[in-house]
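What follows is a single structure, written as structure tokens, with notes after it.
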Amino acid sequence: MTDVVIRAEGLIKDYGDVRALAGVDLEVHHGEVFGFLGPNGAGKSTTIRVLLDLLRPTEGRAEVFGVAPHEGGPPLRARIGYLPGELTMSGRRTAGELLRHLARLRAGAGTQRIVPLAERFGLELDRPIRGLSKGNKQKVGVVQAFMHDPELLILDEPTSGLDPLLQREFLDLVREARDRGATVFMSSHVLSEVEDVAGRVAIIRAGRIVDLDDVRTLRRHAGQHVRLRFAEPVAVERFRELPGVSDVALDGITLTCLLRGEPDALLKAAAAHHVVSWSAQDRELEDLFLDFYRMPVDVRAGQEVSADGR
Amino acid sequence: MAADLPVLTGVLLEQRRSLMLWAAAVAAVSALYTSFYPAMGGADLQSLIDGLPEELVTVLGYDKIGTPGGYLSSTVYGLLGPVLLLVFAIGAGARLIAGEEEDGTLELELTAPVARSRLFGERLLALWLDVVVLVGVLTITTLVLVVTLGIDVGLSQLLAGSTALLLLVLGFGTLAMAVGAATGRRALGLGVAAGLAVLAFMFDAIGPTVDAGWMNAVSPFSWYMAGDPLINGFDVPGLLLLAAVPLAAAIGGVLAFMRRDLMV
């Protein structure tokens, strides 16, 4: 049986006249690392804030561990570790005092992991909060989200502000949490941040989920950039008709196209001519991600869209 | 206590330094004014007041300034004490929920396993404790000087004045916190509470001169001062009216806070 840890059904959230969520449907399963991607303002943080009962949905329903966040209350939030997207901290307290305070709010859960986690991320616990850099504040956020070994981690843009070395350390922490059975829901506006750890990924745009797939499938959809050089000019129309081939362009004797799926038909068509050189490069997932960003709002995922923005 | 009221403990730890500064300011102002009494008070002051137009004296609240209790009413208890304490309480009240929500620092506490009602309750308790401490400092400073300088004001009159002052300040401080908690807007909490406090003060001052009894009937300042607690001691009806303000504000504030969207 697959336990559903997070479920959203037709989640709608209006701020006055502005519709921030226009019917979000999601299921996050127990033990998976789920990437939640979208540009800024797409509704990532709004969705997350509904899950934490900061916001109440206008319509639809959200459930975490089978209960609505509002009904679950404090016992539900005790099972969650949350890293806010825009973490603000101030005051004279030191980082250690703040972390111990947050542990006390959890009836002491996590107190003993403050020091080891701080050491791992090179966070100085005796420095006052208000003097900390953005990166150091983010470390405080990471420590408080993970310290009590929560069953569910909700991480909003977790790697922003961390340098590359610490980003890797952070992703290790996410993997360790997954390995001990935790579920991780992490948002980002950059695919590469979640690509390495996430199993499945949802892409949200303008308050709606436009794609939901595992990272491998998403990568297959992304396809390859293929470049063929011929000895003499070729008829470009023939290549346009091939299955899985799109964005065909001919520049003199050089043909470029986007290939999704098997290369068989393309290779056979090319073999009719004298091929001087060829290359096929995996498209960055980032490009695919941009496809979804540029797509008109009501176009469904899966349709072919032009990736050309240059 | 740390284990039982973690939100309260956190607030008190965070603001311990600023509370000490406020306590020092309140003590200094109380001491300064009270120790002027032997120099200024008594018959000399009364004859000076007698020379002023009657309306002006009433508006200034100096009509009983010739007596020791009246002097304290007009100075420490009637003007600078309330002003200082209200500035503190309204500022702290507006900041403790709305201010920290606006600047984002409340987010980690709101998403911790703490019920909203509890978060509100413990932060309110922190505000109330602060005000109790500051009114205590004012009372003790005044009491020490009253005894040392031999000013003729009884302990029970002093305590009556302090109790009423405490409730007055709790009322406006709680109102600032409640409006802030209900709206998430610190400026609104500040503005509503400070505006109403100024209005209450003006109503109390000009009500008698313009012969508008309703002004005094609705002004918490009049509930505080009309019975002259520093001369006549405890004024139970006035105290009950004063006590109703923080309670009503707290209930309204927490109900609204539990219902609305946070961190928008």
Quiz item: Residue separation times 0.36 nm, minus the C-alpha to C-alpha distance between B:Ala248 and B:Leu149: what's the value?
Solution: 31.6 nm
Quiz item: What spacing in nm lies between the two simple spin-label points modelled at B:Leu48 and A:Asp163, each 7 Å away from Cα in the Cβ direction?
Solution: 6.7
Practice problem: Please work out how much length the chain gains when fully extended from A:Asp179 to A:Arg19, using 0.36 nm per residue of separation minus the C-alpha to C-alpha distance, in nm with one decimal. | Solution: 53.9 nm
Quiz prompt | Given charges at Cβ of Lys, Arg, Asp, Glu: chain B dipole, positive-most of B:Leu124, B:Val192, B:Ala217 | solution = B:Leu124
Exercise. Relative to the compact-globule scaling 2.2 N^0.38 Å, provide the ratio for the alpha-carbon radius of gyration of chain B.
Key: 1.07
Quiz item: Amide H of A:Asp211: which non-local residues (sequence gap of 5 or more, or other chain) have their own amide H closer than 5 Å, using H built in the peptide plane?
Solution: A:Ile203
Practice problem: For an R0 of 25 angstrom, estimate the FRET efficiency from the Cβ-Cβ distance between A:Thr88 and B:Ala187 and round to the nearest 0.05. | Solution: 0.90
Self-check item: Ellipsoid equivalent to chain A - semi-axes via the Cα gyration tensor, in Å
Solution: 44, 23, 16
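Using helices alone, what [θ] at 222 nm do you get for chain B, with -39,500 (n - 2.57) per DSSP H run of 4 or more residues, divided over all residues and rounded to the nearest 500? Show your work: numbers first, answer last.
On the way: 13 runs with 199 residues, N = 264.
Taken over chain B, the calculation gives -25000 deg cm²/dmol.
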Quiz prompt | For A:Val5, distant residues with modelled amide H under 5 Å away | solution = A:Val28, A:His29, A:His30
Exercise. Output ³J(HN,Hα) for the stretch A:29-38: one whole-Hz value per residue in order, computed from phi by the Karplus curve 6.51 cos²θ - 1.76 cosθ + 1.60 with θ = phi - 60°, and x for Gly and Pro.
Key: 8, 4, x, 9, 9, 10, x, 10, 10, x
Self-check item: 3J(HN,Hα) from dihedral phi, the stretch A:132-148, Karplus parametrisation 6.51/-1.76/1.60, rounded to Hz, x for glycine, proline
Solution: 7, 6, 4, x, 5, 5, 4, 5, 4, x, 5, 4, 5, 6, 9, 4, 9
Quiz prompt | Radius, Kirkwood style, for the stretch A:1-133 when every pair of distinct Cα atoms is counted (Å) | solution = 16.9
Exercise. Calculate I(q)/I(0) for the stretch B:191-264 by the Debye formula, one identical point scatterer on each C-alpha and no solvent, and give its log10 at q = 0.19, 0.20 Å⁻¹ to two decimals.
Key: -0.85, -0.90
Quiz item: Tell me, what ³J(HN,Hα) does each residue in the stretch A:239-256 have, in order and in whole Hz, if you take phi through Karplus 6.51 cos²θ - 1.76 cosθ + 1.60 with θ = phi - 60° and put x for Gly and Pro?
Solution: 6, 5, 7, 5, x, x, 10, 8, 6, 6, 9, 10, 10, x, 10, 9, 10, 10
Self-check item: Compactness of the protein assembly as shown, expressed as Rg and Dmax over alpha-carbon positions, Å
Solution: 33.2, 120
Practice problem: Would you mind pulling out the separation of the Cα centroids of the stretch B:69-95 and the stretch B:144-206, in Å? | Solution: 6
Quiz item: Efficiency by 1/(1 + (r/R0)^6): what FRET value for A:Asp196 and A:Ser277, r their Cβ-Cβ distance, R0 = 35 Å, to the nearest 0.05?
Solution: 0.60
Quiz item: What's the exposure ranking of B:Val26, B:Val133, B:Val169, A:Val64, going from fewest to most Cβ atoms within 10 Å?
Solution: B:Val133, B:Val26, A:Val64, B:Val169
Exercise. Mind putting a number on the dipole of the stretch B:10-259 about its Cα centre? Charges go on the C-beta only, +1 for Lys and Arg and -1 for Asp and Glu, and I need it in Debye to the nearest 20.
Key: 740
Quiz item: Quick one: Debye curve from the C-alpha atoms of the stretch A:224-282, no solvent, what's log10 I(q)/I(0) at q = 0.13, 0.19, 0.22, 0.29 Å⁻¹?
Solution: -0.26, -0.57, -0.79, -1.49
Quiz item: What shape does the stretch A:82-138 take by its C-alpha gyration tensor, where a ≥ b ≥ c are the square roots of the eigenvalues and a/c under 1.5 counts as rounded, a/b above b/c as prolate, and the rest as oblate?
Solution: rounded
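Quick check for me: using +1 on Lys/Arg Cβ and -1 on Asp/Glu Cβ, what's the dipole size of the stretch A:4-218 about its Cα centre, in debye to the nearest 20?
With only Lys, Arg, Asp and Glu charged at Cβ, the dipole is about 780 debye.
FYI, it's all coordinate maths here, none of it is from the lab. Since the model is a prediction, treat every value here as computed from it, not as a measurement. Positions of Cβ are backbone-derived with ideal geometry, glycine not excepted, and every protein chain shown enters the neighbour counts.
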